Amino acid sequence: MDLKKTISDGAAAMKKATDWTAHELASLHTGKASPSMVEGIQVHVESYGMTQRLKDMAAITTPDAQSIVITPFDKATMEDIRKAIQAANIGINPVPQGAFLRCPIPQLTGERRQELAKVAHRQAEEGRVRVRNARRDCLEAVKKAHKDKLVTDDDLKRAEKDVQTHTDAATKEIDRILKAKETELGTV
């Protein structure tokens, strides 16, 4: 059994968990316009009879910190895009303006900031759970190899220590990302 590969696979899974957490927290609305707030919205286009992500159907820009401009590649899809954004329930009400939709970003209230902070904490905890699951899977593989006499006692202890080091680093990174998001929300 290749212990280094098992440990590096576990570390890669933990890195994926931190990247997922960073992506999820980046999509939280903090009062500043960002294309990531809308680009993942699924839009069902009646005339095509299919559903696509908004970023595959339109150019998304932020001309200023308080608005997002969505310019559909096909002007016939504008109403479908408007409905999808409203149905996503992200607190944005798109306004058609000729060939594009302007989405003004409302200022956050104190109550909404607290709600978003709770969502951020939930997402960070889910990221930590993913890291712990990766640690568990990695340790189970190492312990099974030890039980099958493929790994010595010393190698087992060293591997457990390495896996814990990676776990601690990933958890610390998630905490750092969460702290940055809380600062951005103004709840710290």
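Readers should treat all values here as calculations from the given coordinates under stated rules, not as data from a laboratory. All of these numbers come straight from a predicted model, not from anything done at the bench. Quick reminder, even Gly has a Cβ in these numbers, built from the backbone with ideal geometry, and neighbours come from all protein chains shown.
Worth a mention:
- Scaled to the globular estimate 2.2 N^0.38 Å, the Cα spread of the chain, given as radius of gyration, is 1.37.
- J(HN,Hα) series, segment 122-138, from Karplus relation 6.51 cos²θ - 1.76 cosθ + 1.60, nearest Hz, glycine and proline x: 4, 5, 5, 5, 5, x, 5, 4, 4, 5, 5, 5, 5, 4, 4, 4, 5
- For Ile68, residues with placed amide H under 5 Å, excluding near neighbours: Cys103, Ile105
- 18 Å reach of a label modelled at Glu46, 7 Å along Cα-to-Cβ, counting backbone N of segment 81-101: 81-88, 96
- The angle separating the long axis of helix 78-87 from the principal Cα axis of greatest extent in the chain is about 50 degrees.
- Phi angles of segment 105-110 translate, via the Karplus equation with coefficients 6.51, -1.76, 1.60 and θ = phi - 60°, into HN-Hα couplings of 9, x, 5, 7, 8, x Hz per residue; Gly and Pro are given as x.
- Ratio of the Cα radius of gyration of segment 35-104 to 2.2 N^0.38 Å, where N counts its residues: 0.98
- A simple count of charges around Ile105, restricted to other residues whose Cβ falls under 11 Å of its Cβ and scoring Lys, Arg +1 and Asp, Glu -1, yields +1.
- Each residue of segment 13-27 was assigned a 3J(HN,Hα) from its phi angle through the Karplus curve 6.51 cos²θ - 1.76 cosθ + 1.60 (θ = phi - 60°); the sequence is 5, 5, 5, 4, 5, 5, 5, 4, 4, 4, 5, 4, 5, 5, 7 Hz, with glycine and proline shown as x.
- Ignoring aspartates and glutamates fewer than eight residues from Lys15 along the same chain, the ones with Cα atoms less than 13 angstrom from its Cα are Asp168, Glu173.
- Among Asp148, Asp155, a tally of other beta-carbon atoms within 10 Å of each Cβ gives an order, fewest to most, of Asp148, Asp155.
- In a simple Cβ point-charge model (Lys, Arg +1; Asp, Glu -1; nothing else charged), the chain has a dipole of about 360 debye relative to its Cα centre.
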